[in-house]
Structures are given as structure tokens and as C-alpha cells.
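Chemist: Dropping a structure here in C-alpha cells format, bear with me for questions.
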Amino acid sequence: MTNIKPNSSSHKSDPNRRQVLAGSAAVAAIGAFGLPVGAQTTAAPAASGAFASLGVPHIRRDGAEKARGGAKFAAEYSYPGMVYGALVYSTIARGTITSLETAEAEAAPGVVLVMTHENAPRLERPEPFYSSPTGMAGSSTPVMQDAEVLWNGQPVAVVLASTQEEADHAATLINVAYEEAEAVTSFDVAAESAQTSFYAGRDLLIEEGDAETALADAEVSIDLSFNTPAHNHNQIEPHAVTVLWQDGILRMHDCSQGVDLSAITIAKVFGISPAEVHLSAEYVGGGFGGKTVWQYHILAAAASQLADRPVRMSLTREGVFRICGARAPTRQRVALGSDREGRLTSLIHTGTTMKIENNSMTEPFFEQSEHMYRADNMHLEIRAGTMDMLANTFMRAPGAATGTFTLEVALDELAERLAIDPIELRVRNEPEVNPTTGRAHSQRALVDAYREGARRFGWIPRSGQRQGYREGEWQVGTGMAAAYYPYKRFPGGAARITLNGEGGALIETAAADMGMGTTTATAAVASERLGIPYDAIEVRHGDNTLPGALIAAASQQTAAIGASLTAAHEVLLAELASLVPATSPLHGLPAAELGTAEGALYSLADPQQQIPLVDLVALSESGTVSAEAQGGPISEWTQDWSMHSTGAVFTEVRVNSVTGEIRVPRITAIYDCGKILNSKLAESQFRGGIIMALGMTLMEGASFDERNGRVMNPSFGSYYMPTHLDVPHIDVGWTDIPDPQAPTGARGIGEIGMSGPAAAIANAIYDATGKRARDLPIRLDALM
Amino acid sequence: MNPLTYEKATSSADALERHDGDAAKFLGAGTNLVDLMREGIATPTRLIDVTGLAQGIEEQSDGGLRIGAGVSNTAVADDTTIRAEYPALSRAILAGASAQIRNMATVGGNILQRTRCSYFYDVAGSRCNKRTPGEGCDAIGGFNRAHGILGVSDSCIATHPSDMSVALSLYDAVINVEGDQGTRSIPINDFYVLPGDTPDIENQLNPGELIVSVDLPAPSANRRATYRKVRDRASYAFALVSVAGSLIIEDGLVVDAGISLGGVAPKPWRATEAEAAIVGSPPIEETFRNAAQIALADATTQPGNVFKTELAQRVIVAVLQDLAGDAQ
Ligand SMILES: Cc1cc2nc3c(=O)[nH]c(=O)nc-3n(C[C@H](O)[C@H](O)[C@H](O)COP(=O)(O)OP(=O)(O)OC[C@H]3O[C@@H](n4cnc5c(N)ncnc54)[C@H](O)[C@@H]3O)c2cc1C
Ligand code: SF4
């Protein structure tokens, strides 16, 4: 077993070199790096010592605070007179509330308010994602405005009481009667009227050539179907908010992934200006796409308004399952046709997923099929049916999590039919340019990742024969798959840089840190950009009064922050230029000819000409120098380049021949994600994603009872995720080649770990047992 | 959770005296009871903590062991005599829950823990005959992967979730209880009752009766025993199927066999007919296969748990073959 840790050595590496991965030490390259190629025109003084920030495995800035219990989360803020909220959830999927008996609850000890649709303030419908540039809600379903019930689990009453226990108890005393209406809670029924859907502003339909005919004519072809279930978010911190209306301001301590957009969305619901909402989320205990705007925010604020009391609303785990959506179920078809050499002549990836009437979120599970392999003909299409269920939403690697499972299992099956090694088949179909857009890759070294992964894992090439073997009761096999996640950068990023008189800087940006280390990475990027020691950089984030409207989603926040810092740095250079005294040789140089490094402003043309930043700051009137700017246009990925992260995942699997139990003793994954800004954070992100994917593959799934649309496993006791014993040593590495088009050279690392392991495990299961598993989760009864 | 009072009993007599009716409940470590209270399934208004009572594990004059009802699961599993003489019990406990829960959970509470049927847990949204007799059973026709295939009825298909009790059943443990009417000893294999059409009644305990200890009969010489649990992840999951098995082999023939199944029935399922079919036969695969078939002959499955019939048979065979192999 390889036990090489990618951060076990550190040396200087050449950002230009295309060929890394000569060995694990090269993969581990994390030395003091210059700025990425393309982002820098003239050599700056080499970063060294305290000034070396990018690539250094700084420990998480919030780590000690969290370990000490000092970090304050949304449900840990208190105000005088604060009361606690509890929710009552509907038990039918669709219908009308005919009566609500609340008297007993109202009379219960400690109760301050019972709110139902009968007394709730009148509110606008929330703006869901994609309905407007700032929509941050899971759905546009009205929040407790009428007697209509639209999903099983919808909040029908809010109880406020002096303690959480009193609120919880009083909530059980409320009796709700319904008149049930016919509900669509069956996938099959909803699939009958599914329509070709759209996602993020485009139709989920791509046709190139005639894929069906090419499939029929192909020398070799396969045609497979897959099922994946709905999942639920299970962040370690259940959703919570503490709310206070004070002096005309709605103050919210939230656990948001995007404080600004949350504040705007909530402001619109209450018909107030976004400036009247102050929403912060300094610490967020995990997001994964689920910490957006859900009904509890609005219910807490509405109840707080009605009761005229500060309110803390902390959802139970069941509450998260009932009212905060997650990944939708899918049925997918992947059909591949190829010639005998394995060149794809047809790639079909189609299928059906589910959404609700009041959202525009269609699980985009064909995205990797668009970008990963060249194929002469393609048909990619996703149809969405609507069901009466909780709004589905983003969940770590939307689309790619299940889409790479199906595509990469199909490639494995094709490789076997062709008697070609699965890596070789992928290499033969590696596209020169983006297969659907024709754009050039900004940077792509997937083949290197395959090779290095194979080397580190000890991959045995195969040509149509299983390599699996038996060890006592255990059948042992190996499998591999590619990983994929797109680069994105959303507009709206902004940052303010303020230099102080002690040689330090304050960075302010409304970004979110859900535990992945945003502040740590931001400080490193700023340190590198400004030439100010990492420890002298303070980062403020997670507050909508700070610059920018960022969202920590789609693995794009680091790029958005990087672009904002670059822009703010340019403005800062102009500010500094205006302070340069007439006696200095730097006087009169335009900002474009200046840079900052090692605590000084210097001339790009003649780096020896410098003025310490502290001297310039001392010359300013306020004693600080401040600059704020928005990140530049996002055309690098929307118009100019094909920008995608990829990876290669290898697994060993053991399947018990008596019981079908599956164990995964070994995983190796090599990623090509551009520059890795902090190896420690990156390793955690990759490993975390892989563990989550392991859960998705082997155990995770919402028990959605199609008889009444109720989720029947809303707890950690019954919704299985991996335990420590399920998780093996995970060997991760990366190519570490900066993407010249990405603001910091980094493309984002948060989600790609979720893509790849499912197929690699399923392929290894086949290698071990000869059984193909095409439905998730793959549990022991499928292999008995 | 409804308002309640908490008090700690100082002796079993004190506990019995404090228990003054349906609204009172004995509290072990609370790892199950408190969950049930949070979910609104159990609604006691008076909790009588009995964890301080009956702490020891003592050897008896007949060579057996007496385990106090308040002993923690971990203490039982770690006990050197139990590990040596009753290995299936130690293994069964260690296969259950998590280290943290086992450190807290008591023997009495483990025996009396209630089913993990998710419809039973869903007070607000599901029908359950065990919670509300006569209302219906939503597990039938719903998600029933965790549910039983032996001893179940049309009104309830829930399983008893304990691992420990499966091993206690293998060892023919006896449960000692105290109540207003004095003390009784009930063999564990008679202690649990099948659901029939009263799934709300789960065992022979009368209201207010207290479990004080569990007796393990003296160990038999040359008896080999083990416990094997199959579940949906490597740890911290209830059994889909578990088997506590034992064999005594003399002169190439099985002279004593024990099979108790977990995860498949409303109680630890002692497969007595299958055991009888093994005794007198050679310890070979065919013998065990035949016995496994007998053990599962009466299985009635649901769409979600059809696999359990085959799985249980395979695990029975594997466990017995392991024991036979060990004996050679
Ligand atoms: C997440 C989770 C996973 C678990 N996994 C497993 C598993 O894999 N396998 C397994 O076997 N178990 C498992 N358990 C269950 C665990 O073993 C039980 O919760 C525990 O044994 C109960 O013991 P306790 O002392 O906490 O009982 P309590 O919760 O205190 O009591 C349980 C019941 O017993 C009654 N009671 C307690 N003591 C006495 C007494 N002396 N006399 C009369 N009545 C009494 C109580 O009134 C109550 O009705 C799991 C539990 C959890 C929460
Ligand atoms: S199986 Fe038993 S416990 Fe579960 S719902 Fe049915 S009656 Fe209730």
C-alpha cells in the first residue's frame, strides 16, 4: 500500500513545466511559488521566508478557535429576551389544512407565540436560484401564507417559547387536520410527463450528429441504465439562525454559504431594503450546497416580528431532512459506441430526474459527458419531472457526483468489451479541445494524472480479463475512474484591502467559510499578492456589510476572491503611487509599472527601487491606505476557454463471498485542478469529498416513501454515512500545474472529490466479483 | 419531550416503591429511552434512575455467572471470564452500537431496548400497531429492509435490535426480575413474546417489574461459540442478520449445537429444530446447510428483505463451519 503523503516534502517547482508527476515528491510540490503564469509579467523579488504564502500548508486559521469551542455558530448567539423556535411539519404530501388546534400549545408552559398561516405576517414569495441574479432560496413556495400543503414535511406552525424544551413540547400539542389532495410522489408517474429541462440558463440538451444511428452502426456498443436515489444534506451543524429586529434592522446570525444573496433574498420576502438586513455567518458548520435560504429563516424572522422578541431557531436533524432540500434522484441511460480501437463514435447520456414546480434546479448529470471525451456523435439530454416533495437543490458536485458514476462505469464496461485497459481507452478518447464547445483547454493534464495514479496505486493493466482474486472469504478487485468538475467563477466578487501602519493588511470580503479554510486561503493569496507576511494579514468575511456578493458554491469562491484581490490590488497600487514622495525614483510611475513585494512598493522595471509600505502608509492622512474593487469580468470560462478540473481515482475493493459485504481498503486519487494553494486544506477537501462519495456509493440514500412522499430515515441512526471503520487510508496527490487563466492559478477543489470514487468502486466490485452494480447505493444484497 | 421528574433509586426495593404506575419508568443509561421520549413514543412523567443498582459480575456456586442489570455493556464485554467462557456474548456486545454508547448502556436497558422500525419512530406521520394498537402497520408495503422474516405477524414485522440478547439466548441466560409480587426468574428464550395481533406487548415483564440481574449457566466444556453480524456499514449499524452459534464436537460428531439469530425476528431467534438436526451428525457443510434450511423454512419476507432468508442461511453455515474448523 502506498502511504506517500503529498505534503511530506516541499521543494521549489517550476510553474511552467507541463510534466510534473515524475514521482510522489514532484506531486508533492508545494514550495514557495511565484505568481501563476500569465498573471505576472515581470519578475518580482522572489518570495521567501515569511513572505512565501501560496502553496504553504498553513494550518486553518479557525482551527484552534473551533477546537477550543470558542467559535460562535449561528445557534450560539444570545440576546436578552430571546425565545426559542420549534416547527410543526405537515404529514401529507399535498392538500389543504382544514383545522389547526393550537389552544393547548398556546397555554403550555413558556409559550410566547404560536404562528400559523392564519396569523403569520404577509410575505412575498422567496426568490429561488436562477429566478433572479440574487435568488438564494431553495424554492419560491410561499412561506406559511395559506392553508395549502405542497410537500410532506412542510412547516405548518411555529412555536416560540422561553426554552427549546418548552417549544419542542408545545409543538407536539398542536393538532392539524388536512384534506388530502392527489399528490405525485412516484418517480415513475412523474417521469411520464417529464420534459427536457434547463439548468443555469441553458437547455439540458446537446445533440451532435446522429448518436442513435452511430450507436446502432458501431462496431462495439453498450447500452446501460442506472438508478441513483435522493440524498439528504447532513452537515455536522444542523441549519440554524438567531434573529433580532432592532432599530429598523433585521439582524440575522446565520449559517449561510452566501451572506449577501441570503440577505437580499430575505429582504425581498419582507419587502424591506437589503440595507435593512444585516446577516452574518462567521462560522458555518458545513454547507455542501445546502446552507442557502430555506423556510426556517423566514419563519424565524416572521415569528420574531410577530412576537417582538429575538428568536433562535435551530433545526433538529429531522427538521433538516423535512425542510432543507438536497440531491434529486435520477434514472440515467449511458450508451457508448466505438470502433474496435476504442474511438468513441457515439456517446449517449440521457435520463430523468425530479424537481418541484416551484424551483428551477435540475440535477445536471450529463455535464462531465459534455467535456470529458471526444465522440463523433453525441446525444445528451436530461428530462425533469415534477413531484410533490421538498425542493431538491445543490449537493456537493451537483450532476457530476452521479453523472460520473454512470459514465465511468460505462467506459469500464466498454473497455472490457474491447479488451483494452480502461486507462488506455480513456487516453484514446482524450479530447484535444473541448468536445462540445471547441474551445482550447486552459490547462489539462489528465493523462499525467492517470499515469501517476496508476503508478502510485500499482494499477495492473488489463485487457478484457478481470484481475480480481480471492483471499479466504473475500473477493478482491481493483477499479479506476476519471473525476470531473467544471471551473466556474460567478460575478459579484469584491474585496477591500486596507494597509495599516504596522506593515499588515486587513482583507474584507463577504465570502463564506464553511470550514474548508476560506480565510486561510484568502490570507495566503493576499499575502502573496501584496507581499505582506501571511501572519500580518487579517481576514474579515461572512458578513453582508462587507464588500462583494460572493457565494461559496460550485468550487468557485477561491477564484472569485482571487480575482477580487487582483482587482483591489490594482486600485491599491494607484493609491500607493499617489503617496510616493517627489524625492523618490518611483515618483510619477503609473500603477501599471509598480508592484508590491516583501513589504515594499517597487518598480517593475527596476525592482531594486523600493519604498517600504509602512513609509507610504505613514504619509497618508488617515494612517491607512484602502482600496476596494470588484473582480474582473468572468469571460475566462464563459467565453474564452475550456476550463475543467479532472482527476483519476483508483480503488481496491473487497467483497465478502458469503455475505456480499463490501469494504474499500485503499483509494488513490490524483487531481488536475490547477495550482494547489494550500496542500493541507486541499488534502482535506479531496479526502472529505472522497469519503462522502464512498457513502454515496455504498450506503447513502433517502428512504422516500412513495406512498405519501415522506422521508422515513430522517436521522443519523437510519440515514447511513461512512463511519471511521468504513474509511480507508486515502492517498491523494495533484499535478499542481497553475491554470494560466484562473485568477490565482487555482481552479477549485471543493467538489471534485465527490466525482469518480463511485465508479471506481463499482468497477472494482466487478473486478472482484464479476457482478456489475448499476444502482446506488450498492449494498450487500446486490452482490450475494 | 414532556415535562417530567427525575429521581435516583438507592436499592431495588426503593426503585419498586418509587414506581407508582404507568407514568413512571425505570431509566438505565437512557440511550434508548431518552430517544424514545424525544420522539414522543415514550411519555413518562417520572423517571427512576436504576443505573446505580446491581453493578457486579459474580461467579455462582454452580459455576455460572450473575451479571447485575446495571452493569455497563462495556464492562460485560471486557470481563475476562466472559471473554474466555462466553466469547459469543463479548463479541455480540462489541459488534453493537458505538464505544460511547456501550460505555453507558446497561444490561437491563439493552434487553429492553425497542425496535428501530422507522415507522415506529415516526409518531407524527406514520401508522404503527406497536405504538397505537389497531391503527395499522406502515412498514408493510414501505421500507422494510431492517424488518423481520421469522415470528412476525400481519400486524407487525419489526425486529428486536439487540445484539447482546442474541448471545444471551444462545447461552440460555435467565433474567431475574423483582416486582410487587416478589421475584421471578424467566429464561431469556421465554422472556420475549411474539407480536401476534398485540405487537405492543413485547415481553413477559409486568408493569413496574425491575430486571435485577441476568444469570449465565455454567459453561460447557469444549463448547466453541462465536457471534457474526452482517450490516450495511462496517460499524455503528444494527444487524441485517446476525448469528450466535456454538458447537461441541466429540469423536467426529456434533454432540451439542446452538444457533440463535438476530436481525430477523421480533426476538432473539433460537433455531431449536435446526440445532436438533445437527446433533449426531458430522460437522460438515452438508449438515450445516440442511440445518440452515430448517432454521429458515418458515421465513415470510417483504420486498425489502427477501435477501435475508438466503443471507441468514449463508451466515449460519459460515459460522458453524468456522466453529467446526476451529475444533479440528
Ligand atoms: C445510534 C445507536 C446505535 C445502536 N446500535 C446498536 C447495535 O448495533 N446493537 C445493539 O444491540 N444495540 C444498539 N444500540 C442500542 C443500545 O444497545 C441500547 O440503547 C442500550 O443497550 C440501552 O441501554 P440503556 O441502559 O441506555 O437503556 P435505557 O435507554 O435507559 O432503557 C431502555 C429500556 O429499558 C428499561 N429499563 C432499563 N433498565 C431497566 C431495569 N433494570 N429494569 C427494567 N427496565 C429497565 C427502560 O425503562 C427503557 O424502557 C444502539 C443505540 C443507538 C442510540
Ligand atoms: S413493523 Fe411493527 S413497529 Fe414497525 S410500523 Fe409495523 S407495527 Fe409498528
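Chemist: Out of (1) of a type in the set (S, T, N, Q); (2) surrounded by 24 or more Cβ atoms within 10 Å (Cβ to Cβ); (3) within 16 Å of ligand 1 (Cβ to nearest atom), the odd one out for residue A:678 is which?
Modeler: (3)
Chemist: Which condition breaks for residue B:37 when tested against (1) surrounded by 19 or more Cβ atoms within 10 Å (Cβ to Cβ); (2) within 14 Å of chain A (Cβ to nearest Cβ); (3) hydrophobic (A, V, I, L, M, F, W, C); (4) in contact with a helix residue (DSSP H, G or I) (Cβ under 8 Å, 6 or more places away or on another chain)?
Modeler: Failing condition for residue B:37: (4).
Chemist: While we're here: I need the full set of residues from the range B:107-123 which are small (Gly, Ala, Ser) and either within 11 Å of chain A (Cβ to nearest Cβ) or without any contact (Cβ under 8 Å) to a residue 40 or more places away in the chain (or both), in order please. Steps first, answer last, please.
Modeler: Going residue by residue through the range B:107-123, those that are small (Gly, Ala, Ser) are B:108-109, B:118.
Selection gives B:118 alone.
Chemist: Among the residues of the range B:204-218, what is the count of those that are crowded, with 18+ Cβ neighbours inside 10 Å and out of contact with any Ser or Thr (no Cβ under 7 Å at 6 or more places or on another chain)? Before the answer, list the steps.
Modeler: Initially, the range B:204-218 is screened for residues crowded, with 18+ Cβ neighbours inside 10 Å, giving B:205, B:208-216.
Narrowing the set further to residues that are out of contact with any Ser or Thr (no Cβ under 7 Å at 6 or more places or on another chain) leaves B:205, B:208-209, B:211, B:213-216.
Of the residues in the range B:204-218, 8 are crowded, with 18+ Cβ neighbours inside 10 Å and out of contact with any Ser or Thr (no Cβ under 7 Å at 6 or more places or on another chain).
Chemist: Give me the residue from the range A:689-736 that is hydroxyl-bearing (Ser, Thr, Tyr) and crowded, with 24+ Cβ neighbours inside 10 Å and, out of that set, nearest to the other protein chains (Cβ to nearest Cβ). Break it down into steps so the answer makes sense when it comes.
Modeler: We begin by selecting, within the range A:689-736, every residue hydroxyl-bearing (Ser, Thr, Tyr); these are A:697, A:703, A:715, A:718-720, A:723, A:735.
Subsequent filtering for residues that are crowded, with 24+ Cβ neighbours inside 10 Å retains A:697, A:735.
Working: A:697: 12, A:735: 32 Å.
Across the range A:689-736, the extreme among qualifying residues is A:697.
Chemist: Please specify each residue of the range B:134-147 satisfying the condition of being over 23 Å from the mean Cα position of the chain (by Cα) and either within 16 Å of ligand 1 (Cβ to nearest atom) or surrounded by fewer than 22 Cβ atoms within 10 Å (Cβ to Cβ) (or both).
Modeler: B:134, B:135, B:136, B:141
Chemist: Filter the range A:331-352 down to the residues that are farther than 15 Å from residue A:418 by Cβ and of a type in the set (Val, Ile, Thr) and list them by number.
Modeler: Listed by number, the residues that qualify are A:334, A:348, A:350, A:352.
Chemist: Just a yes or no: is a residue in the range A:342-350 free of Cβ contacts under 8 Å to residues at least 40 places away in the same chain, over 23 Å from residue A:690 (Cβ atoms) and under 25 Å from the mean Cα position of the chain (by Cα)?
Modeler: Our first condition is that a residue be free of Cβ contacts under 8 Å to residues at least 40 places away in the same chain; within the range A:342-350, this holds for A:350.
Imposing the further condition that a residue be over 23 Å from residue A:690 (Cβ atoms) reduces the set to A:350.
Still in the running and under 25 Å from the mean Cα position of the chain (by Cα): A:350.
The answer is yes; a qualifying residue exists.
Chemist: Another one. Among the listed residues B:70, B:142, identify the single one that is within 16 Å of ligand 2 (Cβ to nearest atom) and part of a loop (DSSP other than H, G, I, E, B).
Modeler: Details: B:70 fails: within 16 Å of ligand 2 (Cβ to nearest atom).
Only one candidate passes the filter, namely B:142.
Chemist: Would you point out which residue out of A:666, A:654 is charged (D, E, K, R) and away from chain B (no Cβ under 14 Å)? Step through it out loud before you land on a result.
Modeler: On the way: A:654 fails: away from chain B (no Cβ under 14 Å).
The conditions single out A:666.
Chemist: Follow-up question, since we're still on this one. From the list B:39, B:85, B:58, B:17, which residue is more than 28 Å from residue B:206 (Cβ to Cβ) and either within 16 Å of ligand 2 (Cβ to nearest atom) or more than 17 Å from the chain's Cα centre (by Cα) (or both)? Spell out how you get there, then give the answer.
Modeler: Working: B:39 fails: more than 28 Å from residue B:206 (Cβ to Cβ); B:58 fails: more than 28 Å from residue B:206 (Cβ to Cβ); B:17 fails: more than 28 Å from residue B:206 (Cβ to Cβ).
Testing whether each residue is more than 28 Å from residue B:206 (Cβ to Cβ) and either within 16 Å of ligand 2 (Cβ to nearest atom) or more than 17 Å from the chain's Cα centre (by Cα) (or both) leaves just B:85.
Chemist: Away from chain B (no Cβ under 14 Å) and touching a helix residue (DSSP H, G or I) at 6+ places or on another chain (Cβ under 9 Å): is that true of residue A:770 in this structure? Walk me through it before giving the result.
Modeler: On the way: away from chain B (no Cβ under 14 Å): yes; touching a helix residue (DSSP H, G or I) at 6+ places or on another chain (Cβ under 9 Å): no.
The answer is no for residue A:770.
Chemist: Go through the range B:149-176 and count every residue that is assigned to a loop (DSSP other than H, G, I, E, B) and either more than 15 Å from ligand 1 (Cβ to nearest atom) or among the hydroxyl-bearing types (Ser, Thr, Tyr) (or both).
Modeler: Looking only at the range B:149-176, we keep the residues that are assigned to a loop (DSSP other than H, G, I, E, B), and these are B:149-163, B:171-173.
Still in the list and also either more than 15 Å from ligand 1 (Cβ to nearest atom) or among the hydroxyl-bearing types (Ser, Thr, Tyr) (or both): B:149-157, B:159, B:162, B:171-172.
Number of matching residues: 13.
Chemist: State whether the residues of the range A:415-425 include one that is of a type outside the set (Asp, Glu) and within 30 Å of residue A:200 (Cβ to Cβ). Don't jump to the end; show me each part of the working.
Modeler: Here is the first cut: in the range A:415-425, the ones of a type outside the set (Asp, Glu) are A:415, A:417-420, A:422-423, A:425.
Among the residues that remain, those that are also within 30 Å of residue A:200 (Cβ to Cβ) are: none.
No, there is no match, as no residue in the range A:415-425 is of a type outside the set (Asp, Glu) and within 30 Å of residue A:200 (Cβ to Cβ).
Chemist: Another question about this same structure. Considering only the range A:80-106, state which residues are outside any strand (DSSP E or B) and β-branched (Val, Ile, Thr). Walk me through it before giving the result.
Modeler: Taking the range A:80-106 as the starting set, the residues that turn out to be outside any strand (DSSP E or B) are A:80-82, A:90-94, A:102-106.
Residues satisfying the conditions are A:91, A:92, A:102.
Chemist: Let me ask you something else. Taking only pairs six or more apart or across chains, which ones have beta-carbon atoms under 6 Å, a first residue in the range A:524-545 that is assigned by TED's automatic domain parsing to the domain that holds residue A:572, and a second residue that is surrounded by fewer than 19 Cβ atoms within 10 Å (Cβ to Cβ) and at pLDDT below 95?
Modeler: A:533/A:50
Chemist: Taking the condition over 14 Å from residue A:299 (Cα atoms), in contact with a Gly (Cβ under 8 Å, 6 or more places away or on another chain) and within 14 Å of another protein chain (Cβ to nearest Cβ), does residue A:107 pass? Walk me through how you get there before you give the answer.
Modeler: On the way: over 14 Å from residue A:299 (Cα atoms): yes; in contact with a Gly (Cβ under 8 Å, 6 or more places away or on another chain): no; within 14 Å of another protein chain (Cβ to nearest Cβ): yes.
No, not satisfied.
Chemist: Something else now. Hey, which of the helices (runs of 4 or more DSSP H) in the range B:234-328, taking only ones fully inside, have at least 3 residues that are free of Cβ contacts under 8 Å to residues at least 60 places away in the same chain, more than 14 Å from chain A (Cβ to nearest Cβ) and crowded, with 20+ Cβ neighbours inside 10 Å?
Modeler: Numbers: elements: B:272-278, B:285-295, B:307-327.
Ranges flagged: B:272-278, B:285-295.
Chemist: Among (1) modelled with pLDDT of 95 or more; (2) surrounded by fewer than 24 Cβ atoms within 10 Å (Cβ to Cβ), there is one condition residue A:757 misses while meeting the rest; what is its number?
Modeler: Going through the list (1) modelled with pLDDT of 95 or more; (2) surrounded by fewer than 24 Cβ atoms within 10 Å (Cβ to Cβ), residue A:757 breaks only (2).
Chemist: Looking at the range B:124-139 only, could you name the residues that are facing chain A (nearest Cβ under 8 Å) and more than 7 Å from ligand 2 (Cβ to nearest atom)?
Modeler: B:124, B:125
Chemist: Now, a different point. Is at least one residue of the range B:177-198 assigned to a loop (DSSP other than H, G, I, E, B), more than 16 Å from ligand 2 (Cβ to nearest atom) and touching a residue at least 40 places away in the same chain (Cβ under 8 Å)? Walk me through it before giving the result.
Modeler: Restricting attention to the range B:177-198, the residues satisfying the condition of being assigned to a loop (DSSP other than H, G, I, E, B) are B:180-181, B:193-198.
Next cut, more than 16 Å from ligand 2 (Cβ to nearest atom) only: B:180-181.
Imposing the further condition that a residue be touching a residue at least 40 places away in the same chain (Cβ under 8 Å) reduces the set to B:180.
There is at least one residue in the range B:177-198 that is assigned to a loop (DSSP other than H, G, I, E, B), more than 16 Å from ligand 2 (Cβ to nearest atom) and touching a residue at least 40 places away in the same chain (Cβ under 8 Å).
Chemist: Quick check: anything in the range A:634-643 of a type in the set (D, E, K, R) and within 19 Å of the chain's Cα centre (by Cα)?
Modeler: If we filter the range A:634-643 for residues that are of a type in the set (D, E, K, R), which is where we start, we get A:636, A:640.
Of the ones still in play, those that are also within 19 Å of the chain's Cα centre (by Cα) are none.
Checked the range A:634-643: no residue is of a type in the set (D, E, K, R) and within 19 Å of the chain's Cα centre (by Cα).
Chemist: Taking the range B:147-176 as the region of interest, how many residues are of a type in the set (A, V, I, L, M), within 9 Å of ligand 2 (Cβ to nearest atom) and either within 14 Å of chain A (Cβ to nearest Cβ) or touching a Phe, Trp or Tyr at 6+ places or on another chain (Cβ under 9 Å) (or both)?
Modeler: Taking the range B:147-176 as the starting set, the residues that turn out to be of a type in the set (A, V, I, L, M) are B:149-150, B:152, B:157-158, B:164, B:166-168, B:170, B:173-175.
After this cut, where a residue has to be within 9 Å of ligand 2 (Cβ to nearest atom) as well, the list is B:152, B:157-158.
Next, from what is left, pick out any that are either within 14 Å of chain A (Cβ to nearest Cβ) or touching a Phe, Trp or Tyr at 6+ places or on another chain (Cβ under 9 Å) (or both): B:158.
Adding up the residues that qualify gives 1.
The values are calculated or read from the model by the stated rules, or taken from the named source; none is laboratory data. Since this is a predicted model, take the numbers as computed values, not measurements. So basically every Cβ, Gly included, is an ideal-geometry build from the backbone, and we count neighbours across all protein chains shown.
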